[in-house]
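The values are calculated or read from the model by the stated rules, or taken from the named source; none is laboratory data. Source: prediction; values computed, not measured. Please note: Cβ atoms are built from the backbone with ideal geometry, for glycine as well, and neighbour counts cover all protein chains shown. Areas reflect the complete protein model, heavy atoms only, side chains present, ligands, DNA and RNA absent. Shrake-Rupley method; radii C 1.70, N 1.55, O 1.52, S 1.80 Å.
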Amino acid sequence: MTGGGRESEGGEEEVRGARRIPGPRGAADDLDLASVPLPPLPPPGGSAPDEAVPEQSQPASASASGDAPESDAGEPEPDLGPGPAAEAWPEPGPCPEPEPGPEPEPADGHPHPAAPEPEPAAPAAEAWPEPGPGPEPADGTPEPPAPDPLVSSAPVVLPHQVLKALLGAWALSACSAEETAAVEDHLTGCAPCADEALRLRDAVGLLHTDGSLDLDPTLRTRVLDGCFGRRPARIPVPEWAAPYDAETARLDALLRDIGDSEWHAPVRLQWFEEERRVSRRTTVAGVIGHLMAVDGLLSAALGLDDPLDGGKAPLDPTERTETYWSATRRPPTRAVREPWRAQSHELIRTASFAGRNVAETSVSYGAFALPLQDAALDRAFECWVHGGDIADAVDYPYPAPSAAHLHRMIDLAARMLPAALAGRRSAGLAGPAKDLVAAGAPGRSLHLEIEGHGGGDWYIALDSPAAVGAPERAVAQVALDGVEFCRLVAGHISPVEAAAGQEGDSEAIRDVLFAAASLSRL
């Protein structure tokens, strides 16, 4: 660097060590200008940057003459012309001191007054100077100018505790832009806060879920429908066996969810015999054993192994159940679930491979017989009813079957009512027949109207099981909810307790309601 034709020694290292880019500048309104010290004045005769220099007092003779003083080498001092008004704050830093030499004398021969000593320079952080041109290297190659200071966009500097308290608001996107930048900058260097922020953000995702956390009860059906739609089963389950397949699967899902101790929870089974209600106390495991014993009737009809030794076991469902319970040396536990489920799978698999003709295979219940397709529907009905008994004992939600399956169960009960009504009449428990007709002819009928889930209309022949129910021969009407009617058929409510809308022949209505309750059994 040159100054007045003289090369400064050691000044270059001092200038290179000075800070060139100041820190962030505050707003002008935030500065108390009265408290900011003025920058030092350069000594006379030294070089100065191209900024404005505050006005200095000069001798009157020099001001009047306008002649610039000359240096000891006979060269005039450089003119320090006025700079732009905006460059009022020169870059602070050590100025090169001139080499000692004789003071230049003015042209008129009068000595100059002593130059005032410069005041100590203010700290650079307080003066907020503008960056000036940097020094040139000794070899003459110009050094690239320092970049202009940019507007600071750094995050707000906040203490750790404040940033930690802002994590919840940050996870909810409730922070301001400055707070968000400060938190995110802090998370890059603080592992505990980063872990906490991740947990909070995951929790916020759970709070904004749109759906229920419970599984859709129709999920299994939709998954199976989707699988079968893509690749139909080579041997599909017969339509008449679908209710039994669905109800055994639902009951098995309930049994998988209960604990070991709940298998010994008390369950009370209820049914009607003649005009009174009968009940039997057992356990959850005992109910599954009862279902397995009665399902053995279907296994024997299909040529499968009967769990009670079909050659010697009775055919009546109640007697079969008592035989199974008495043969068990110790109370049944959850170990009974596997053989019951394996038996139901084997029944469905065998019926599927047997073809259409197997649907008409007769299944004997001792006092009566049903074709296999109706027997499978009867077993589906009992599986649902006893599944509800178990669910009540262990406090488990257990909805009704699908509407299509429930409709078929109600249809089976309605088709069995004329025979049940004739049996009660033979035992003297129902009124006498009033209008006998030939087999297959329309006779006196009761209009059974089932409302709600799985509902429909059925006409029950009143005088002969061989007669045909007909709307034109209806003498009474009974309206019941679908689930309420099934509870009546299962013996869980009495005919008097059934919430039924009644119209017409009261004796016919009473006989049909009691006949429906008589269909129940253990």
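Got a sec? Which of Leu315, Leu302, Leu291, Leu308 is of a type in the set (A, V, I, L, M, F, W, C) and under 44 Å from the mean Cα position of the chain (by Cα)? The unique qualifying residue is Leu291.
Yes/no matrix, rows are residues, columns are (1) surrounded by 12 or more Cβ atoms within 10 Å (Cβ to Cβ); (2) within 22 Å of His405 (Cβ to Cβ):
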{"site": "Asp225", "(1), (2)": "no, yes"}
{"site": "Val237", "(1), (2)": "yes, yes"}
{"site": "Trp240", "(1), (2)": "yes, yes"}
{"site": "Val284", "(1), (2)": "yes, no"}
{"site": "Leu304", "(1), (2)": "yes, no"}
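Considering the range 263-282 alone, what residues qualify as being of a type outside the set (Lys, Arg), farther than 25 Å from Glu338 by Cβ and open to solvent by 30 Å² or more (accessible area, probe 1.4 Å)? Gln270, Glu273, Glu274, Glu275, Ser279, listed by residue number. Residues that are open to solvent by less than 40 Å² (accessible area, probe 1.4 Å) and either farther than 20 Å from Phe485 by Cα or modelled with pLDDT under 90 (or both) within the range 434-449 comprise Ala441, Gly443, Arg444, listed in sequence order.
Screening Ala391 against (1) out of contact with any Ser or Thr (no Cβ under 8 Å at 6 or more places or on another chain); (2) without any contact (Cβ under 8 Å) to a residue 40 or more places away in the chain leaves a single unmet condition, (2). Entry remark, the range 238-295: residues being closer than 19 Å to Arg349 by Cβ and modelled with pLDDT under 90 number 0 in total. Residues of the range 415-433 that are open to solvent by less than 50 Å² (accessible area, probe 1.4 Å), within 60 Å of the chain's Cα centre (by Cα) and of a type in the set (Gly, Ala, Ser): Ala420, Ala422, Gly423, Ala430.
Among the numbered conditions (1) in a helix (DSSP H, G or I); (2) among the hydrophobic types (A, V, I, L, M, F, W, C); (3) more than 26 Å from Asp395 (Cβ to Cβ); (4) touching a residue at least 12 places away in the same chain (Cβ under 8 Å), the only one that Ala285 does not meet is (3).
Quick grid of which residues meet (1) part of a loop (DSSP other than H, G, I, E, B); (2) closer than 16 Å to Arg424 by Cα:
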position: His453; (1), (2): yes, no
position: Trp458; (1), (2): no, no
position: Val483; (1), (2): no, no
position: Arg487; (1), (2): no, no
position: Ala508; (1), (2): no, yes
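Restricting the first member to the range 315-337 and to residues that are over 13 Å from Thr283 (Cα atoms), and the second to residues that are part of a loop (DSSP other than H, G, I, E, B) and of a type in the set (Phe, Trp, Tyr), the beta-carbon pairs closer than 9 Å and six or more apart or on different chains are Leu315/Tyr365; Asp316/Tyr365; Pro317/Tyr365.
No other residue among Ala420, Ala380, Ala400, Ala391 is closer than 23 Å to His290 by Cβ, among the hydrophobic types (A, V, I, L, M, F, W, C) and not in a helix (DSSP H, G or I) apart from Ala400. The single condition among (1) without any contact (Cβ under 8 Å) to a residue 40 or more places away in the chain; (2) in a loop (DSSP other than H, G, I, E, B) that Gly491 does not satisfy is (1).
One residue stands out among those in the range 204-223 that are open to solvent by 90 Å² or more (accessible area, probe 1.4 Å) and over 30 Å from Leu172 (Cα atoms): the one that is modelled with the highest pLDDT, which is Arg222. Number of residues in the range 326-356 that are open to solvent by less than 40 Å² (accessible area, probe 1.4 Å) and farther than 23 Å from Gly259 by Cβ equals 7. Within the range 300-314, one or more residues are out of contact with any Phe, Trp or Tyr (no Cβ under 6 Å at 6 or more places or on another chain), over 22 Å from Arg330 (Cα atoms) and outside any loop (DSSP other than H, G, I, E, B).
How many residues are in contact with a strand residue (DSSP E or B) (Cβ under 9 Å, 6 or more places away or on another chain) and open to solvent by less than 50 Å² (accessible area, probe 1.4 Å) if we restrict to the range 395-410? Walk me through it before giving the result.
Going through the range 395-410, the residues in contact with a strand residue (DSSP E or B) (Cβ under 9 Å, 6 or more places away or on another chain) turn out to be 407, 410.
Subset that is open to solvent by less than 50 Å² (accessible area, probe 1.4 Å): 410.
Total meeting the criteria: 1.
Restricting the range 357-380 to residues that are exposed (fewer than 15 other Cβ atoms within 10 Å of the Cβ) and without any contact (Cβ under 8 Å) to a residue 40 or more places away in the chain, which is farthest from Pro238 (Cα to Cα)?
Initially, the range 357-380 is screened for residues exposed (fewer than 15 other Cβ atoms within 10 Å of the Cβ), giving 357, 360, 362, 364, 366-369.
Filter once more, keeping what is without any contact (Cβ under 8 Å) to a residue 40 or more places away in the chain: 357, 360, 369.
Numbers: Asn357: 11, Glu360: 13, Ala369: 21 Å.
The extreme case among them is Ala369.
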